[in-house]
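The values are calculated or read from the model by the stated rules, or taken from the named source; none is laboratory data. Note that the structure is a prediction, hence the values are computed from the model and not measured. As a convention, Cβ positions derive from the backbone with ideal geometry for all residues, glycine included, and neighbour counts pool all protein chains shown. What goes into the accessible areas is simple: the full protein's heavy atoms, side chains included, and nothing from ligands, DNA or RNA. Shrake-Rupley method; radii C 1.70, N 1.55, O 1.52, S 1.80 Å.
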Amino acid sequence: MKFSKLIGKAEKFVKKHKQGHPVKPVKLNELQQLLGGKVSRYQAKLADTGDAQKRKKLETRLKVVKAQLKKSKRLSTS
């Protein structure tokens, strides 16, 4: 799944939860697996990349994906 779609999906779950709608655990687990996959792929790409500009972009994306994963884990505990 593309970065922007994945982040949009995560934000949608957070917004639904804030509005008081229940989030299905199955969907939340699926989202967490996708985010976890992105984290591992970005870390692998970061290790292989020597270009400073690409590294900065990957570091930013990795930071965003990790934040979304943290938010989704908070939703699963609440």
- Message: Between V26, V39, V64, which is in a helix (DSSP H, G or I), β-branched (V, I, T) and loosely packed, with under 11 Cβ neighbours inside 10 Å?
- Response: V26
- Query: Looking at (1) part of a helix (DSSP H, G or I); (2) open to solvent by 80 Å² or more (accessible area, probe 1.4 Å); (3) of a type in the set (A, V, I, L, M), can you tell me which one M1 breaks?
  - Reply: (1)
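Is it the case that S72 is hydroxyl-bearing (S, T, Y) and under 11 Å from the mean Cα position of the chain (by Cα)?
Spelling it out, S72 is indeed hydroxyl-bearing (S, T, Y) and under 11 Å from the mean Cα position of the chain (by Cα).
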- Task: May I ask you to list pairs of residues, at least six apart or on different chains, whose Cβ atoms are under 7 Å apart, with the first in region 55-77 being modelled with pLDDT of 90 or more and aliphatic (A, V, I, L, M) and the second being surrounded by fewer than 18 Cβ atoms within 10 Å (Cβ to Cβ) and not in a helix (DSSP H, G or I)?
- Result: L58/T49
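Just wondering, is there one or more residues in region 46-58 that are in contact with a Phe, Trp or Tyr (Cβ under 7 Å, 6 or more places away or on another chain) and part of a helix (DSSP H, G or I)?
For region 46-58, residues in contact with a Phe, Trp or Tyr (Cβ under 7 Å, 6 or more places away or on another chain) and part of a helix (DSSP H, G or I): present.
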